[in-house]
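Written out below as structure tokens is the structure these notes cover.
The values are calculated or read from the model by the stated rules, or taken from the named source; none is laboratory data. Because the structure is a prediction, the values reported are computed rather than measured. Positions of Cβ are generated from backbone atoms using ideal geometry, with glycine treated the same way; all protein chains shown enter the neighbour counts.
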Amino acid sequence: MSSGSPITILSFEDARHLVEQHASQIRARGTETVELLAGAGRVLAEAVLADRDIPPFARSTRDGYAVRAADLFELPARRNVIGEIKAGESLERIPSRVSSGQAVAIMTGAPVPDGADAVVMVEYTARDGDWVEITKGVAAGDNIVPRGAEARQGAVLLDRGLRLNDVGVALAASAGKTKLAVYQRPRVALLTTGDEIVEIGGTPGPTQIRNSNSYSLAVQIQEAGGEAVLLPIAPDEPKALRELIALGLQSDLLLMTGGVSMGRYDLVEPVLAEMQAEFFFTGAKIQPGRPVVFGRCAQRYFFGLPGNPISTMVTFELFARPMLEALAGQAARKLMFLHARLKKEIRIKTGLKRFLPAILAGEFEDCGVELVRWQGSGDIAATARANCYIVIPDDREHIAAGEWVAVMMR
Ligand code: AMP
Ligand code: MG
């Protein structure tokens, strides 16, 4: 079978940007309502607004004494203690006014009474009956968060398109949201190809291997907010492959693994071309994952991910994830790498951007990264020992120990 698809091999950055461009035009699926805690990891389909000012009253951030700051020009200062305010104090029990010469004992989280404009920490005071001696001055505003300083009533606390984490859930809780509107999870069809691949429950023949890609991808999909739909393994035969691709195109996104290299039995591209697919790229200058394919067929996006297990994992991370996140309703975000010091030098050929399995180790501010020894992009065992990838620019032949390198965490 001859390939009907044009060959377009892009730089890593161009390929990534092209995916981002398509992702920005995607619409999420419908919405559903979930309990607050079930919203963790989900994408907000509505903005969460402040139902009142935050904080709802001028809040003391310390245990101490509420005073008028301008009063404390001479130290130590003796002040008459006219009351005590604990957190949650009822309004009637709060002194209506703090005047010159007075102080009010106040606890963390309690409302600051009118007239007071600062809180002296209890550590700088000595109590003596109805009197307190203050040994340290304060500026107006010290140890007080003014009413509405964190958010005004009606302000947007959490934007639509945000994927909720612990902080997001806490903020929604503070605004009294017991339920949240979130986007439905996109369904991602997984189609693995190859006559040598058998299902994990089966017994592989002497030249066969078990399907691992569908499982790594299912985990990555779940983690990115999608739902994996595993299709049967496609043989290296056009008719069966075509039928399974057609089935996969009924999901929101189709991911295929294997069959995208230049081999005689790499049939994914020719079959898709026959099905009138558009191809946006058919390769990227990266390693692992060079033969990665991105396109659209029957109004569905698809990726052909190279079959080598680490190529599959890396190309999902680099290209499929932003598309999946967009389908999940998540706001676009750029891919960012961290930096770490290289522990052992790297020598490599130029021409491809590399994402090589590595171990970041150390403690606190003192850590470094080094490559794991591996047998290439089929080596799942070596990659299982890694916790990141070192990202090597395509023009670097040698990176010395001690240099800073970009790192993509896994
Ligand atoms: P391909 O991209 O089809 O040329 O496959 C590249 C390599 O990845 C071959 O060694 C395949 O056996 C292997 N491979 C392909 N699909 C899978 C899979 N689902 N699980 C594990 N290995 C795979
Ligand atoms: Mg194959």
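Pull up the stretch 242-279, narrow it to residues that are farther than 30 Å from Trp374 by Cβ and assigned to a strand (DSSP E or B), then point me to the one that is nearest to ligand 2 (Cβ to nearest atom). Before the answer, list the steps.
Narrowing the stretch 242-279 to residues farther than 30 Å from Trp374 by Cβ: 242-252, 270-279.
Then keep just the ones that are assigned to a strand (DSSP E or B); that gives 278-279.
Numbers: Glu278: 23, Phe279: 19 Å.
Checked the stretch 242-279; the qualifying residue nearest to ligand 2 (Cβ to nearest atom) is Phe279.
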Spot the failing condition for Lys239; the list is (1) away from ligand 1 (no atom under 11 Å from the Cβ); (2) of a type outside the set (Asp, Glu); (3) assigned to a strand (DSSP E or B), and only one is missed. (3)
Flagged in the stretch 175-218 as part of a strand (DSSP E or B) and within 16 Å of ligand 2 (Cβ to nearest atom), in numbering order, are Leu190, Leu191, Thr192, Thr193, Ile197, Val198, Ile209, Arg210
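Considering only the stretch 6-27, I want to know if a residue exists there that is over 30 Å from Phe355 (Cα atoms) and either surrounded by fewer than 17 Cβ atoms within 10 Å (Cβ to Cβ) or not charged (D, E, K, R) (or both).
Start the filter on the stretch 6-27 by keeping residues that are over 30 Å from Phe355 (Cα atoms), which leaves 27.
From the residues that got through so far, the ones that are either surrounded by fewer than 17 Cβ atoms within 10 Å (Cβ to Cβ) or not charged (D, E, K, R) (or both) too are 27.
Within the stretch 6-27, one or more residues are over 30 Å from Phe355 (Cα atoms) and either surrounded by fewer than 17 Cβ atoms within 10 Å (Cβ to Cβ) or not charged (D, E, K, R) (or both).
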Of all residues in the stretch 317-340, which are small (Gly, Ala, Ser) and within 16 Å of ligand 1 (Cβ to nearest atom)? Ala320
Return yes when Met336 is on the phi < 0 side of the Ramachandran plot and touching a helix residue (DSSP H, G or I) at 6+ places or on another chain (Cβ under 9 Å) and no when it is not. no
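Please go through the stretch 296-348 and pick out each residue that is within 16 Å of ligand 2 (Cβ to nearest atom) and polar (S, T, N, Q).
Result: Asn308, Ser311, Thr312, Thr315.
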Just name the residue that is nearest to ligand 1 (Cβ to nearest atom) out of those in the stretch 371-389 that are farther than 16 Å from Arg354 by Cβ and of a type in the set (A, V, I, L, M). Ile380
Looking at (1) closer than 29 Å to Gln153 by Cβ; (2) surrounded by fewer than 17 Cβ atoms within 10 Å (Cβ to Cβ); (3) out of contact with any Ser or Thr (no Cβ under 9 Å at 6 or more places or on another chain), which is the one condition that is false for Ala69? (2)
Given the criteria at pLDDT 95 or above, buried (at least 20 other Cβ atoms within 10 Å of the Cβ) and more than 20 Å from Arg42 (Cα to Cα), does Ile245 qualify? yes
With the requirement that a residue be exposed (fewer than 14 other Cβ atoms within 10 Å of the Cβ) and more than 13 Å from Tyr183 (Cβ to Cβ), what does the stretch 28-37 give you? Glu35, Leu37
So, Val104, is that one part of a loop (DSSP other than H, G, I, E, B), surrounded by 17 or more Cβ atoms within 10 Å (Cβ to Cβ) and more than 44 Å from the chain's Cα centre (by Cα) or not? no
Within the stretch 107-132, can you find the residues that are buried (at least 23 other Cβ atoms within 10 Å of the Cβ) and under 40 Å from the mean Cα position of the chain (by Cα)? Ala110, Val112, Ala118, Val119
For the stretch 149-189: of the residues being of a type in the set (Asp, Glu) and within 19 Å of the chain's Cα centre (by Cα), which is nearest to Arg333 (Cα to Cα)? Asp159
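Out of everything in the stretch 347-401 that is among the acidic types (Asp, Glu) and touching a residue at least 24 places away in the same chain (Cβ under 8 Å), what residue ends up being nearest to Phe316 (Cα to Cα)? Can you show your working first?
The first filter runs over the stretch 347-401 and keeps only residues among the acidic types (Asp, Glu), leaving 363, 365-366, 370, 379, 394-395, 397.
Right, trim to touching a residue at least 24 places away in the same chain (Cβ under 8 Å) and you get 370, 379, 394-395, 397.
On the way: Glu370: 23, Asp379: 17, Asp394: 20, Asp395: 24, Glu397: 26 Å.
The selected residue is Asp379.
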Neighbours by Cβ (under 7 Å, 6+ apart or cross-chain): first from the stretch 121-134, assigned to a helix (DSSP H, G or I); second at pLDDT 95 or above: Val122/Asp63; Val122/Gly64; Tyr124/Ile134; Tyr124/Thr135; Tyr124/Lys136
Unique match (being away from ligand 1 (no atom under 12 Å from the Cβ) and within 20 Å of Leu10 (Cβ to Cβ)) among Val268, Val293, Val314, Val229: Val314
Tell me which of these Ala273 doesn't satisfy, since it passes every other one: (1) under 26 Å from Ile209 (Cα atoms); (2) touching a Ser or Thr at 6+ places or on another chain (Cβ under 7 Å); (3) more than 10 Å from ligand 1 (Cβ to nearest atom). (1)
Only one of these conditions is not met by Pro288: (1) surrounded by fewer than 20 Cβ atoms within 10 Å (Cβ to Cβ); (2) over 23 Å from Ala326 (Cβ atoms); (3) of a type outside the set (Lys, Arg); (4) under 24 Å from the mean Cα position of the chain (by Cα). Which number is it? (1)
